[in-house]
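Just so it is clear, none of the values below were taken in a lab; they were calculated from the coordinates. As the structure is a computational prediction, the values presented were derived from the model and not from experiment. Please note: Cβ atoms are built from the backbone with ideal geometry, for glycine as well, and neighbour counts cover all protein chains shown.
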Amino acid sequence: MIVRSQPSLKDVLTAIHGSILPRIARRLGTIALVSVIAILAAKDHPGIFARISAMPFTLIGIALSVFMSFRNNACYTRWWEGRQLWGELIVASRCLARQTSNFKEEDRNDLLRGICGFASGLAARLRGADEPAAIKLWIKIGPAAKGPNPTNAVLNQLGELLLKLMGEGAITPIHYSVLEREMHRLSEVQGACERIASTPVPFAYSLLLQRTALIFCVMLPFALAGSLDWWTLLPVLLTAYTFFGLDALGHQLEDPFGLEPNCLPLYALRRTVEREMLALLAVDDLPAPAEPRNGILS
């Protein structure tokens, strides 16, 4: 996730890092080349280009803007829901940890480190990393972790620990039900994150938008070259930058758990859980909080 202050006028005019421009530079270059060809053709055949009206492009541009707004809103909704889910994970972890204050030191250590293992495994799972390896950094995992869902196996393992404590009389059935409610919240968070990660925005939306935007930006110079001459480059490139930029940004937000600059900082959120759980275990050497690198927090 890009973490930068409000852009100044200098940033607006010159900033490249943190901008979507590098991702669409090749497409802008192509549109610029097409614009130059249209301008040169208009100079050689002014009569033909004088017959081309810009009015149809105005109508198409409005329709394209509405459709692009719909898709980008859908992508941002996915991004924001992902952020809410990880916020709920942090809250549930804190609640679960607070309710274990009367546990024996060994049992509390197993539970809180298990929460760290769950957060670490979920982050790895959503980003396609080595899930079991991420979990093993915190807890010893059983045979179930070799199955299709190691992160869920961590929750099962923690649930077995709570059942064992209730069977031994270390916690009452009421206390167990309170703890199980927080475990259920963690399971719901994982399920919702998996739903977002495994259900992309329908491909037809993205394909239709990209095709329409490309055709629109390729044809627009031929409508303007006859009247604007070399000034055609300005409105055409500005329009292309807007359409292609919004499309590329929506593509990044569509997968909120990825590694693109505008995706959610899962590793930083995971580190928040780890630091707070370890602090409750009175660990002195806490891992450092995640810091942005070149303005990007991952």
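For the reader, a short list of remarks on this structure follows.
- Each of Trp230, Pro261, Val3 was scored by the projection of its Cα onto the charge dipole of the chain, and the greatest displacement toward the positive side belongs to Trp230; charges sit on the C-beta of Lys, Arg, Asp and Glu.
- The calculated 222 nm mean residue ellipticity attributable to helices in the chain amounts to -25000 deg cm²/dmol, summing -39500 (n - 2.57) over DSSP H runs of n ≥ 4 and dividing by all residues.
- Student exercise, the range 116-212 dipole from Lys, Arg, Asp, Glu Cβ charges, in Debye to nearest 20: 300 debye
- Percent of C-alpha pairs per 10 Å bin, the range 200-298, short to long: 13, 26, 21, 18, 12, 7, 3, 0
- Size of electric dipole in the range 16-118: Cβ of Lys, Arg +1 and of Asp, Glu -1, about Cα centre, debye, nearest 20: 360 debye
- Across the options Ala213, Leu162, Thr172, the greatest Cα extent toward the positive end of the charge dipole of the range 158-217 (unit charges at beta carbon of Lys, Arg, Asp, Glu) belongs to Ala213.
- Less than 5 angstrom separates the built amide H of Ile296 from those of Val3, all sequence-distant by 5 or more or on a different chain.
- Size of the range 125-268 from its Cα atoms: along the principal axes, largest to smallest, the extents are 86, 30, 27 Å.
- Peptides 34-41, 287-294, 57-64, 243-250 ordered by average Cβ neighbours within 10 Å, highest first: 243-250, 34-41, 57-64, 287-294
- Per-bin percent of Cα-Cα distances, the chain [5 Å]: 1, 5, 10, 12, 12, 11, 9, 8, 7, 6, 5, 4, 3, 3, 2, 1, 1, 0, 0
- Cα centre as origin, Lys/Arg/Asp/Glu Cβ charges: the range 166-259 dipole, Debye: 260 debye
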